[in-house]
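Worksheet: the structure to be examined is printed underneath.
The values are calculated or read from the model by the stated rules, or taken from the named source; none is laboratory data. In this text, all values refer to a predicted model and were calculated from it rather than measured experimentally. No Cβ is skipped: glycine too gets one built from the backbone with ideal geometry, and neighbour counts run over all protein chains shown.
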């Protein structure tokens, strides 16, 4: 079982096979190499909105025409990362991306 929340006052050892996923990047400081428009800024990737419809401006997007693009988040802590979830944008016919 997976839960996307923190369960306070719950002793983890009492529930076998329980895996708790915590979003360490939520609302943390972000940067990216460029930005297509202000509505697609780097912070959109960590705002908690998983809507993938590009028409709702809920995605981060670097500018077009660059051969190298990057995005980064400062978690503010040192942590061991065991799982990264990436949500690709949808509903975009004129701006296609290759999925890794």
- Message: Cβ-Cβ under 8 Å, sequence separation 6+ or interchain: first residue in region 20-42 and farther than 26 Å from residue 81 by Cα, partner surrounded by fewer than 13 Cβ atoms within 10 Å (Cβ to Cβ) and modelled with pLDDT of 90 or more. Which pairs?
- Response: 36/64
- Query: Considering 85, 52, which residue is surrounded by 10 or more Cβ atoms within 10 Å (Cβ to Cβ) and either touching a helix residue (DSSP H, G or I) at 6+ places or on another chain (Cβ under 9 Å) or modelled with pLDDT of 75 or more (or both)?
  - Reply: 52
- Message: So in region 55-82, with the set limited to residues that are in contact with a helix residue (DSSP H, G or I) (Cβ under 7 Å, 6 or more places away or on another chain) and not in a loop (DSSP other than H, G, I, E, B), which one is nearest to residue 20 (Cα to Cα)?
- Response: 73
- Quick one: would you say residue 26 is modelled with pLDDT under 85, more than 21 Å from residue 65 (Cβ to Cβ) and exposed (fewer than 13 other Cβ atoms within 10 Å of the Cβ)? no
